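For reference, the structure discussed in these notes is given below.
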Amino acid sequence: MLQERTAIPIYEAITKVLDTQAQQLSSEKIPLKQSTGRFLAFDLIATQDVPAFNRSLYDGYAIKAENTENAAPENPIFLEVVGEIGAGQVFTEKVGNNQAVRIMTGAQVPNDCNAVIMLEHVKEMCTEMKTISIDRTIPIGDRVFHKGEEIREGAKLVKRGEMITPGIIGLLATFGYSEIEVIKKPKIGILATGSELLDVHEPLIPGKIRNSNAYMLYSQVIGAGGEAIYLGKLEDNIEESIQAIKNVLPEMDALITTGGVSVGDFDYLPEIYKQLGATVLFNKIKMRPGSVTTVAKLGNKMLFGLSGNPSASFIGFELFVRPTIRRSLGNSNPHLLSCKGILADDELRSTDFTQLIRAKYYMKDANIFVTSNGLNMSSSISSIAGAEAIMIIDPEIRTYRKGDEVQILLLSENKGQQESVFSQIKL
């Protein structure tokens, strides 16, 4: 089923996908303890000051700072201790001049006091009336964490669409959220195509390979924030494949197929899209691996036709499916975070298309050094295992040598960025 294909730049393909994407998903309420890795459905606004009251930063004594104005080693002042405050307690009695209250770290400072002196900076006197001596001047506000000093009521703390991290969970708990609204996970169906595929539990036989791509993509969908649904594998039969896609698509938010996108006689996916009535956004991209990645839209559903070659399938997901999932979750930084590194390999040669090489990186002398990870072939599965980055090799630069600067995408960084690096460098 040979057909005419015109390759487009990577940035143009990414733009086509995101410009065509359906609306963001609705929300659901879940327990706070189950929210790690989910995406907020609302702006987190502070409903109170933090701290909510003046707190002691140390164990010591709450005092009136003005009582220590003339204190010095040769002229200590003496304060009567009139009470004690533990964490969680409130001292409601009046504190007069030349009086102090023993206070623990985190406890509320009495209203009549405006400073705390650390325990090791006082001398406790052995007298009938409990007394302390102070031999230094204490400034107003010293050792006090003031009400609203960290967070003011009404401040916007976290934007809608942010991934919930342990730190954000701490904030949510601070403001009393036992349950929170999160964006529903998009349901991403995964179909593997090809009569050569075996299930992972089946013994290997001549001419067959195990269906590794579907399981890899399943993991990638989960990592991006989606709900992965494995829908099985399809034989090389166009009618059966069309019916299978028709059956599953209504329940999915998007569908990934792996295999069947090349130009061989048994690569049916372009014809399947045509018969389904889908609008094909593109069917060839100026990148290797993954040049035959094909994306279409049917109604409000995105159809991602990824290569059957593992490295090409992996790359296609990270560049096109991942940002689609993140965008549907309301995230404003859906693309892989990019930065520049220094090539640690001896030499890399470019090709007519942009090369995307699975890579590792390490830090040395405040620089990021990058090296290719395993075999640089579309069919390679070993180069994906342990890959920490994708190295971008510009076709306009014929040879990269050790020490040259290269652009990389970080695979392990969840932060992301708003604009794809390919739009910035026009590849």
Problem - DSSP beta bridge pairing in the chain, given as percent antiparallel to the nearest 5 - result: 70 percent
Problem - Most mobile listed residue (GLU405, GLU80, GLU179) in the chain, GNM with C-alpha springs under 10 Å - result: GLU80
Exercise for the section: Taking amide H positions as placed in the peptide plane 1.01 Å from N, state which residues far from ALA107 in sequence (5 or more) or on other chains have amide H under 5 Å from it. Expected result: SER56
Problem - Alpha carbon convex hull of segment 338-425, projected area averaged over orientations, nm² - result: 6.1 nm²
Practice task
Enumerate the whole-percent occupancy of each 10 Å bin, from 0 to the last occupied one, for all C-alpha pair distances of segment 205-275.
Solution key: 16, 47, 32, 4
Problem - Length gained when the stretch GLU202-LYS274 is fully extended (0.36 nm per residue, less Cα-Cα span) - result: 22.6 nm
Fill in the blank from the handout: Most exposed to least, judged by fewest other Cβ atoms within 10 Å, ILE425, ILE85, ILE190 sort to ILE425, ILE85, ILE190
Handout entry: Spherically averaged projected area in nm², based on the convex hull that wraps the Cα atoms of segment 144-209
Key = 9.1 nm²
Fill in the blank from the handout: Highest mean packing first, using Cβ neighbours within 10 angstrom, the peptides 46-53, 205-212 sort as 46-53, 205-212
Problem - Ranked list, fewest to most other Cβ atoms within 10 Å of each Cβ, for LYS94, LYS185 - result: LYS94, LYS185
Completion exercise
Packing-ranked peptide list from 315-323, 331-339, 375-383, highest mean Cβ count within 10 angstrom first, is 315-323, 331-339, 375-383
Completion exercise
Under a Gaussian network model of the chain whose springs join Cα atoms within less than 10 Å, the largest fluctuation of ASN247, ASN70, ASN300 belongs to ASN70
Exercise for the section: Quick one: dipole size for the chain, taken about the Cα centre, charges +1 on Lys/Arg Cβ and -1 on Asp/Glu Cβ, in debye to the nearest 20. Expected result: 900 debye
Handout entry: Separation of alpha-carbon centers, segment 339-397 and segment 36-105, rounded to whole Å
Key = 55 Å
Handout entry: DSSP-assigned coil residues among trypsin sites (Lys or Arg not before Pro) in segment 373-427, each with at most 15 further Cβ atoms within 10 Å
Key = ARG398, LYS402, LYS415, LYS426
Problem - Karplus 3J(HN,Hα) series, Hz, for segment 194-209 with 6.51 cos²θ - 1.76 cosθ + 1.60 (x for Gly, Pro) - result: x, 5, 7, 8, 10, 5, 5, 8, 7, x, 6, 10, x, x, 10, 9
Problem - Prolate/oblate/rounded label for the chain (Cα gyration tensor, a/c 1.5) - result: prolate
Handout entry: Counting DSSP beta bridges with both ends in segment 85-241, the antiparallel % (nearest 5)
Key = 25 percent
Practice task
Could you pull out every one of the aspartates and glutamates with an alpha carbon less than 18 Å from that of LYS364, ignoring same-chain neighbours closer than 8 positions?
Solution key: ASP345, ASP346, GLU388, ASP404, GLU405
Practice task
Classify segment 92-167 as rounded, prolate or oblate from the Cα gyration tensor: take a ≥ b ≥ c as the square roots of its eigenvalues, call it rounded if a/c is under 1.5, otherwise prolate when a/b beats b/c and oblate if not.
Solution key: prolate
Problem - DSSP-defined antiparallel bridges as percent of all bridges, segment 162-296, nearest 5 - result: 15 percent
Practice task
Give me THR36, THR92, THR293 ranked fewest to most by other Cβ atoms within 10 Å of their Cβ, as a rough exposure proxy.
Solution key: THR92, THR36, THR293
Practice task
For a label point 7 Å from the Cα of ASP135 along Cα→C-beta, name the residues of segment 62-99 whose backbone N is under 17 Å from it.
Solution key: 68-79
Handout entry: Kirkwood hydrodynamic radius of segment 55-145, Cα pairs, Å
Key = 12.7 Å
Completion exercise
Straight-line reach check, LYS274, cutoff 20 Å on alpha carbons, 8 or more apart in-chain or any other chain, hits among lysines -> LYS16, LYS246, LYS284, LYS297, LYS301
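Every number in this text was worked out from the coordinates using simple rules, so none of it is lab data. Just so you know, these numbers come straight off a predicted model, no measurement behind them. Heads up, the Cβs are rebuilt from the backbone with ideal geometry, glycines too, and the neighbour counts pull from every protein chain shown.
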